[in-house]
Amino acid sequence: MYKFTAVVVSALLFAIVLARPAQEQQAEAVTTSTTPATIIKQVDVNNPDGSFNSSYETSNGIKVENIGYMKKILVPRQETEDGQVIEEHEEMILVQSGSYSYLDPEGNVITLRYVADENGFQPQGDHLPVPPQ
């Protein structure tokens, strides 16, 4: 009996939520929607050596650029946690650099530039916090 009552009450609440006025539903949709953007410029170059250059720009002011290439690095001799020794050796890594920019809600251009290599991801931008000296 209690299960039946719980199911009926749940169904009733669900029906009330679905039956709310259409104006409220439309107001929510308008405040949470965004204007669709189109790509107005795009470049994609992929080379046989693994290097690439790609960029695009959209109608809402977003700009993205990304350049990458393969780089040979020397990995020093190291020892794993279980005592296994890995001798010094060379490895190929992908190095990427680029930037992206967009307009914030106040209309300011936010730009982030970056390099990602054997030293990790290194972002730079005027909007990023500055570490204490």
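Numerical summary
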quantity	calculated
3J(HN,Hα) from dihedral phi, segment 96-108, Karplus parametrisation 6.51/-1.76/1.60, rounded to Hz, x for glycine, proline	10, 9, x, 7, 9, 9, 7, 9, 7, x, 8, x, 7
Gyration tensor (alpha-carbon) shape descriptor, segment 39-124, a/c threshold 1.5	oblate
Of all accessible heavy-atom area on segment 39-124, the percent that carbon and sulfur account for (1.4 Å)	49 percent
Solvent accessible area, Å² - L94, 1.4 Å probe, full protein context	80 Å²
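The values are calculated or read from the model by the stated rules, or taken from the named source; none is laboratory data. On a predicted model such as this, the values are computed, not experimentally measured, just so you know. Please note that ligands, DNA and RNA were not included when accessible areas were found on the heavy atoms of the full protein model with its side chains. Shrake-Rupley method; radii C 1.70, N 1.55, O 1.52, S 1.80 Å.
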